[in-house]
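So the structure is just underneath, and the comments pick up after that.
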Amino acid sequence: MSEVAVMPRGHAVAEKGKSMVHTDGRNRRAAATRAKIIEAAKAMIEETSEAPTVVGVAKRADVSVRSVFQHFGDVQSLFVTVAGSIGAGIVVAPPPAADRPLDDRIDALIQGLVEVFDKIVPLRVAAGQFADHPALLERSLALRQQLRDNTVEVFATEFTGLNASEREELVDAIGAALSLDAWIVLRRRDGLNAERAAAVWRLTLKALLVHGLDHAPATSHA
């Protein structure tokens, strides 16, 4: 007769309970290690604007290089996961109501962009060889569309006098002028602080709105 067959039922349940506790403990430790790796990589990206190496992340997280590879497989998977974690923590502020004064709406829209883009810049610069990864491209397109939709909503009153083609051209112009790439140029290449860069964008947005609305054909305002 096997040992299992003669084992008292209560003892068998106890052994099963111990196994479950051990499994839960391993899972918790694995989750904690994974979280430490992600947080270490996020901190390194924010501090250096460079894609962290596995060795660097392991040292920062105080884990082994093997642990990093066990959780993520390769550097690309680690970077994409970290990018997703950073993106999840970024909230785009709702657009200001279209009935507020124009200057107030411009200020609110610019402030929302500044808060979002300043958090994304280190990640975007660090992306490098990973920039074309499908997951990163998808997130980038989704954010761009959300910001575009916000622009249309914020300036709905001003756009009512434009036909569809004129409206699209003006929205495209605003999107290009107030893009993440444009923000990177102001902040990184030109070395402007956030306040001065935001001031540049406010002037740019006002100029685009004035030009787009004043130069629309008279028939579109009929």
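Residues with beta-carbon under 12 Å from that of ALA30, excluding ALA30: net charge, scoring Lys, Arg +1 and Asp, Glu -1? Every neighbour counted, the sum reads +4. Dividing the helix sum by the residues of the chain, where each DSSP H run of 4 or more adds -39500 (n - 2.57), gives a mean residue ellipticity at 222 nm of -24500 deg cm²/dmol. In summary, the aspartates and glutamates within cross-link reach of LYS59, defined as a Cα separation below 13 angstrom excluding same-chain residues under 8 places away, comprise GLU39. Taking the centroid of alpha carbons for each part, region 56-83 and region 109-129 are 23 Å apart. Specify which labelled value, from (i) 1.51; (ii) 0.99; (iii) 1.20, agrees with Cα Rg over 2.2 N^0.38 Å derived from the coordinates of the model shown. Answer by label: (i).
Bear in mind that the values in this text are calculations on the coordinates, not laboratory data. Quick caveat, the model's predicted, so the values are computed rather than measured. Reconstructed Cβ throughout: ideal geometry from the backbone, glycine too, with neighbour counts over all protein chains shown.
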